[in-house]
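Visitor: Pasting in a structure now, in structure tokens, and then I'll have a few things to ask.
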Amino acid sequence: MTFPEMLNIGLMQGFAGLSLFAVLLLMGLGLAIIFGQMGVINMAHGEFMTIGAYTIYLVSNLASTHAPGLVAVYFPFAIVLAFGLAFLGGWLVEWGLIRHLYKRPLDTLLATWGLSLAMQQAFRSFIGPKEVSPTLPDWLLGSWSPAPGLDIPINGMFVLGLTTVTTLGVLLALGKSRWGLRVRATVSNRTMANATGIDTRKTDRLTFAIGCGIAGMAGAAFTTIGSTGPTSGQLYIVDSFLVVTFGGTASLLGTVVSAFGIAQTQSVTEFFLAGSMAKVLTLSLIVLILMIRPQGLFASKVRR
Amino acid sequence: MNAVRNLVNRYQLASLLVLTVLLAVVLPLALDIFRLNLVGKYLTYAFVAIGLVMVWGYGGVLSLGQGVFFGLGGYAMAMFLKLEASDPVTTKIQSTPGIPDFMDWNQLTELPLFWLPFKSLPLTLIAVVAVPTLLAWIVGFAMFKRRVGGVYFAIITQAVALIVTVLIIGQQGYTGGVNGMTDLKTMLGWDTRTDEAKYILYYVCVAMLMASILLCRWIQTGKAGTLLLAMRDKEDRVRFSGYDVANFRVFVFCLAAAMAGIGGALFSLQVGFMSPSFVGIVPSVEMVIFAAVGGRMSLVGAVYGTLLVNFGKTFFSESFPDLWLFLMAALFIGVTMAFPMGLAGIWEDHVRPRWARWRGKPAIDAPPRSTDAEPVRAAVSRGEVGGAGGPSALPGGISGQRA
């Protein structure tokens, strides 16, 4: 094997890691907002991702059966719809479940686990137990080869672009918008924020819903890479939680960095070892680091 | 006479006696051996559930990785039984006789080094307790010494559960992979599959469970139990009083792990196989719900909770498989939202007072736990997060210090 070939394989393996990075980051972002900003553990987060993935699948089915001409353009609208449905779901869940449990984080964990079981069974009953994948528009298929022997899949680049836009959007919204201001105020001092006239309960609900909506977009990204089944979300939930804890809970930048680190570690070790051992190695490494440095990579400097 | 009564009241032996009668007399008379064997299987989960009562109810830290300890104990016992089941005579059609069949399928030609201790029963029995305890000590020591608790601890233990499951499934040649270890037949030549053996194993299981409950009761009523409750509710005050909070937590976590290991070993003996499906995240969280349904503060309640949930699971998955997960979900949500203290809470708050009123006398002799049920409920939320040390584990304003 010559050196350019090695380089190509390295680049492609790295890019495979980037796709995983994109899904993990989108999942982690939603969780980081909910967990880091509100202190709520949402075990059903993976199922919100599945909602997004199924939305894309259903819309693509609709498009290909009723309006074959629209198959080329349905994707962006489906992403918006995926966000919307997951957002709506999150809103309802916060209203019905989470808001009663804010003072008991471990109970939230159990309750949302129950919720995730119910959602999985609902997917199984109403959509079907089999794994499905949407018919992707032609422009998402194929690959781009800037050099001979180097193939970069287009869907991977699309997912990466989507992730970048979403991440920047979330960072911008938290930093600049009224909602972000309210969230930051509520996080740093709930009582005081209430006193200044911020409706913290409404802020919580909106935050939770936005976090779930981003999970829906993660699902949209996920469908371009893999197929969706009722338990797809559960496969990612532990990884996403590790992304958030590893990055440091209060820091979105930390989430980005840790998602990148975890995805690349896994992808690179997968090249040398069997898939399961790569996973074991990556997870053990993270757990070990978290044991030594429990506050994560980017801890907030505020003394509490 | 008074001394006996004090003893009974102190350790709540009355409820334990009722449970013993139910398990040792009523159920064996009422059920055939197949169902009784099922009950025995459920009771092995109860070991995990009472461990969770200690760790979660009393210690205030939720472990989502108890299945790992259950599995380690179970695998240790299963490895011993598997080695006995694959003696050179019965496995002579293999290319390497004398090693377990799955090793032969995976082109292993000799027994791996870490299997060697499991040729002897005493070493196996030690491993059943020691291996889970050791892992719990490593995890617990690293986390609690750094004052990690609450949700962070839950996430880390869950990750450990995932790691162990993936490892077991991935290393097919050493562990039997997804199928686990099957065809466990005899223990030192004693056939564990006969009806008689099943009865004996059932009673061994009941006896061990009762002993574990007594041990936990003894710890709860002693100084350690009081301190555990205290550090769950006001961790910092206990620390300022000069106690090492972490050591107590590590101790109770190791205790729970050891009991889970014993449960796992009894599981392998009674059921005749062990597989990764009892190790991973899903079974680990299910074990938490056993304790939650029974009541996270009640040892005896945890046993009832385990039995009820598992009866429900068996009944529904036999008759209405689609409904079971919905029901399980309702259980999770209902228990956390409406009955945080589970069955034991309902008993203490509703049944007992009514019973006392009906008998026409005020409930003075109710154990003190019923009176502190309220603070306990509020405290569950505070104590758990006090040790988190991390940022914004709670909506602001109610952190351990400020409360």
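The values are calculated or read from the model by the stated rules, or taken from the named source; none is laboratory data. All of these numbers come straight from a predicted model, not from anything done at the bench. For neighbour counting, all protein chains shown are included, and Cβ atoms are generated from backbone atoms with ideal geometry for every residue, glycine included.
Visitor: Looking at (1) surrounded by fewer than 24 Cβ atoms within 10 Å (Cβ to Cβ); (2) not in a helix (DSSP H, G or I), which is the only condition A:Thr265 fails?
Guide: Every listed condition holds for A:Thr265 apart from (2).
Visitor: Looking at region A:124-175 only, could you name the residues that are within 14 Å of chain B (Cβ to nearest Cβ), free of Cβ contacts under 8 Å to residues at least 12 places away in the same chain and either within 24 Å of A:Ile210 (Cβ to Cβ) or touching a Pro at 6+ places or on another chain (Cβ under 7 Å) (or both)?
Guide: none
Visitor: Would you be able to say whether some residue in region A:39-56 is at positive phi and either in contact with a helix residue (DSSP H, G or I) (Cβ under 9 Å, 6 or more places away or on another chain) or facing chain B (nearest Cβ under 10 Å) (or both)?
Guide: Taking every residue of region A:39-56 in turn, at least one turns out to be at positive phi and either in contact with a helix residue (DSSP H, G or I) (Cβ under 9 Å, 6 or more places away or on another chain) or facing chain B (nearest Cβ under 10 Å) (or both).
Visitor: Looking at (1) over 18 Å from B:Val252 (Cβ atoms); (2) surrounded by fewer than 16 Cβ atoms within 10 Å (Cβ to Cβ), which is the one condition that is false for B:Leu134?
Guide: (1)
Visitor: Looking for something modelled with pLDDT under 90 and either touching a His at 6+ places or on another chain (Cβ under 8 Å) or farther than 30 Å from B:Gly189 by Cβ (or both) - is there at least one such residue anywhere in region B:263-280?
Guide: yes
Visitor: Identify the residue in region B:127-173 that is within 12 Å of another protein chain (Cβ to nearest Cβ) and among the aromatic types (Phe, Trp, Tyr) and, among all such residues, is nearest to B:Met231 (Cα to Cα).
Guide: Ranking the qualifying residues of region B:127-173, first place goes to B:Phe144.
Visitor: Could I ask something else about it? Considering only region A:37-62, state which residues are of a type in the set (A, V, I, L, M, F, W, C) and part of a helix (DSSP H, G or I).
Guide: Answer for region A:37-62, where residues must be of a type in the set (A, V, I, L, M, F, W, C) and part of a helix (DSSP H, G or I): A:Met38, A:Phe48, A:Met49, A:Ile51, A:Ala53, A:Ile56, A:Leu58, A:Val59, A:Leu62.
Visitor: Taking the criterion of being at the interface with chain B (Cβ under 8 Å from one of its Cβ atoms), surrounded by fewer than 18 Cβ atoms within 10 Å (Cβ to Cβ) and in a loop (DSSP other than H, G, I, E, B), would at least one residue in region A:279-287 satisfy it?
Guide: No: region A:279-287 contains no residue that is at the interface with chain B (Cβ under 8 Å from one of its Cβ atoms), surrounded by fewer than 18 Cβ atoms within 10 Å (Cβ to Cβ) and in a loop (DSSP other than H, G, I, E, B).
Visitor: Say whether the condition of being at pLDDT 85 or above and farther than 30 Å from A:Ser143 by Cα is met by at least one residue in region A:255-276.
Guide: Checking region A:255-276: not a single residue is at pLDDT 85 or above and farther than 30 Å from A:Ser143 by Cα.
Visitor: Here's another thing I want to ask about it. Does region B:341-364 hold any residues that are outside any helix (DSSP H, G or I) and surrounded by 21 or more Cβ atoms within 10 Å (Cβ to Cβ), and which are they?
Guide: B:Met341
Visitor: Moving on. Just one of B:Met328, B:Met341 is within 10 Å of another protein chain (Cβ to nearest Cβ) and at pLDDT 80 or above; which is it? Spell out how you get there, then give the answer.
Guide: Numbers: B:Met341 fails: within 10 Å of another protein chain (Cβ to nearest Cβ).
Result of the check over B:Met328, B:Met341: B:Met328.
Visitor: In region A:204-234, what residues are buried (at least 22 other Cβ atoms within 10 Å of the Cβ), among the hydroxyl-bearing types (Ser, Thr, Tyr) and within 14 Å of another protein chain (Cβ to nearest Cβ)?
Guide: A:Thr207
Visitor: Any residue in region B:299-311 that is surrounded by fewer than 19 Cβ atoms within 10 Å (Cβ to Cβ) and either in contact (Cβ under 8 Å) with a residue 12 or more places away in the chain or away from every other protein chain (no Cβ under 12 Å) (or both)?
Guide: yes
Visitor: Kindly provide the set of residues from region A:63-79 that are surrounded by 14 or more Cβ atoms within 10 Å (Cβ to Cβ), of a type outside the set (S, T, N, Q) and assigned to a helix (DSSP H, G or I), ordered by number.
Guide: A:Ala63, A:Leu70, A:Tyr74, A:Phe75, A:Ala78, A:Ile79 - these are the residues of region A:63-79 that are surrounded by 14 or more Cβ atoms within 10 Å (Cβ to Cβ), of a type outside the set (S, T, N, Q) and assigned to a helix (DSSP H, G or I).
Visitor: Another question, then. For residues in region A:116-175 being charged (D, E, K, R) and part of a helix (DSSP H, G or I), which is modelled with the highest pLDDT? Walk me through how you get there before you give the answer.
Guide: Keep residues of region A:116-175 that are charged (D, E, K, R), which gives A:124, A:130-131, A:138, A:151.
Of the ones still in play, those that are also part of a helix (DSSP H, G or I) are A:124, A:138.
Numbers: A:Arg124: 90, A:Asp138: 76.
Out of the qualifying residues, it is A:Arg124.
Visitor: In region B:316-328, is there at least one residue being more than 15 Å from the chain's Cα centre (by Cα), surrounded by fewer than 23 Cβ atoms within 10 Å (Cβ to Cβ) and closer than 27 Å to B:Thr194 by Cα?
Guide: Yes, region B:316-328 contains a residue that is more than 15 Å from the chain's Cα centre (by Cα), surrounded by fewer than 23 Cβ atoms within 10 Å (Cβ to Cβ) and closer than 27 Å to B:Thr194 by Cα.
Visitor: A further question on this structure: Condition check: crowded, with 18+ Cβ neighbours inside 10 Å, in a helix (DSSP H, G or I) and either among the small types (Gly, Ala, Ser) or away from every other protein chain (no Cβ under 14 Å) (or both). Does A:Leu181 satisfy that?
Guide: In short, no.
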